[in-house]
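The values are calculated or read from the model by the stated rules, or taken from the named source; none is laboratory data. The structure displayed is predicted, hence computed values, not measured ones. Glycine gets a Cβ as well: all are built from the backbone with ideal geometry, and neighbour counts include every protein chain shown. The accessibility values were calculated without ligands, DNA or RNA, using every heavy atom of the protein model including side chains. Shrake-Rupley method; radii C 1.70, N 1.55, O 1.52, S 1.80 Å.
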Amino acid sequence: MGCGNTKVNETKKSQANMIFVIGGPGSGKGTQCERLVSKYNFIHLSTGDMLRDAIARNTKLGLEAKYYMDRGDLVPDELVIDLVKERLQQSDCIQNGWILDGFPRTVGQAKALKDSGVEVDV
């Protein structure tokens, strides 16, 4: 599991935490995310939820993602990363910190996120 026994920043309320939780299906990602959200009030982010929300709101990124999804294709990494970056810039994520659940899934996705300026604490 991505966060293991790493201690979350409890001392500085003004400093939001940025966390990736990664692991295989059934490894407990969702359970750990629920616990962290409950205890620290982080914003729980799932790329699937973000994609569905962007599509429902007919955003530019949502319409692009819908094109791929309607064809049965995977949404390209670049588009998902743009969606994640956009969401992480919203005030609730900035103020409360966030947990990105199940993404990135590949080294390439992780590098692309890092190259785009997304910083992670845990």
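Numerical summary
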| quantity | calculated |
| --- | --- |
| Filter result for G24 (part of a loop (DSSP other than H, G, I, E, B), open to solvent by less than 60 Å² (accessible area, probe 1.4 Å) and at pLDDT below 90) | yes |
| Residue count for the range 51-85, restricted to those that are open to solvent by 80 Å² or more (accessible area, probe 1.4 Å) and closer than 21 Å to V107 by Cβ | 2 |
| Evaluation of Q89 against (1) open to solvent by 70 Å² or more (accessible area, probe 1.4 Å); (2) farther than 25 Å from Y40 by Cα; (3) without any contact (Cβ under 8 Å) to a residue 24 or more places away in the chain (one fails), failing number | (2) |
| Pair list, Cβ < 8 Å and 6+ apart or interchain, from the range 41-66 residues that are touching a residue at least 24 places away in the same chain (Cβ under 8 Å) to residues that are of a type in the set (D, E) and open to solvent by less than 70 Å² (accessible area, probe 1.4 Å) | I43/D92; H44/D101; L45/D101; S46/D101; L61/D82 |
